[in-house]
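The values are calculated or read from the model by the stated rules, or taken from the named source; none is laboratory data. None of the values given here were measured: they were computed from a predicted structure. Cβ coordinates were reconstructed from backbone atoms using ideal geometry, including for glycine residues, and neighbour counts include every protein chain displayed.
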């Protein structure tokens with residue numbers, strides 16, 4: 001399986017990163033990888049069809065947020081944390097923290 005295209009760090013654009021992180025499903029993927037480390041593409045728990053997940057993973061990869069490593073017929077996805085932190089210091093931390101806060105608020109509202 002060939003290596004998948006992903007932008008070199010100087011080509012990663014803030015607008016593409018923010019767009020990719022604006023989708024709840026893609027944000028859930030990023031949060032899972034951040035929490036668990038590199039994951040198999042098929043091991044993501046995001047509640048969408050495989051074809052839909054594939055499209056979300058493509059957007060994340062093309063934006064420069066994730067790296068996809070091919071190993072035989074499997075694809076492993078990891079965060080490009082070092083690249084993102086070097087280009088946009090603190091951005092990923094702020095986005096992930098805000099997403100966690102929103103989850104807590106949503107759970108509190110459901111509990112009411």
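Taking the conditions (1) touching a residue at least 60 places away in the same chain (Cβ under 8 Å); (2) surrounded by 13 or more Cβ atoms within 10 Å (Cβ to Cβ) in turn, residue 14 satisfies each one other than (2).
For every residue, the table says whether it meets (1) loosely packed, with under 11 Cβ neighbours inside 10 Å; (2) under 14 Å from residue 27 (Cα atoms); (3) touching a residue at least 60 places away in the same chain (Cβ under 8 Å); (4) out of contact with any helix residue (DSSP H, G or I) (no Cβ under 7 Å at 6 or more places or on another chain).
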| site | (1), (2), (3), (4) |
| --- | --- |
| 51 | yes, no, no, yes |
| 78 | no, yes, no, no |
| 90 | yes, no, no, yes |
| 97 | no, yes, no, yes |
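Any idea which of 64, 86 is in contact with a helix residue (DSSP H, G or I) (Cβ under 8 Å, 6 or more places away or on another chain), exposed (fewer than 14 other Cβ atoms within 10 Å of the Cβ) and modelled with pLDDT of 90 or more? I'd like the intermediate steps shown before the answer.
On the way: 64 fails: exposed (fewer than 14 other Cβ atoms within 10 Å of the Cβ).
Within the list 64, 86, the selection yields 86.
State yes or no: is residue 27 buried (at least 16 other Cβ atoms within 10 Å of the Cβ), within 14 Å of the chain's Cα centre (by Cα) and in contact (Cβ under 8 Å) with a residue 12 or more places away in the chain? So residue 27 fits the description; yes.
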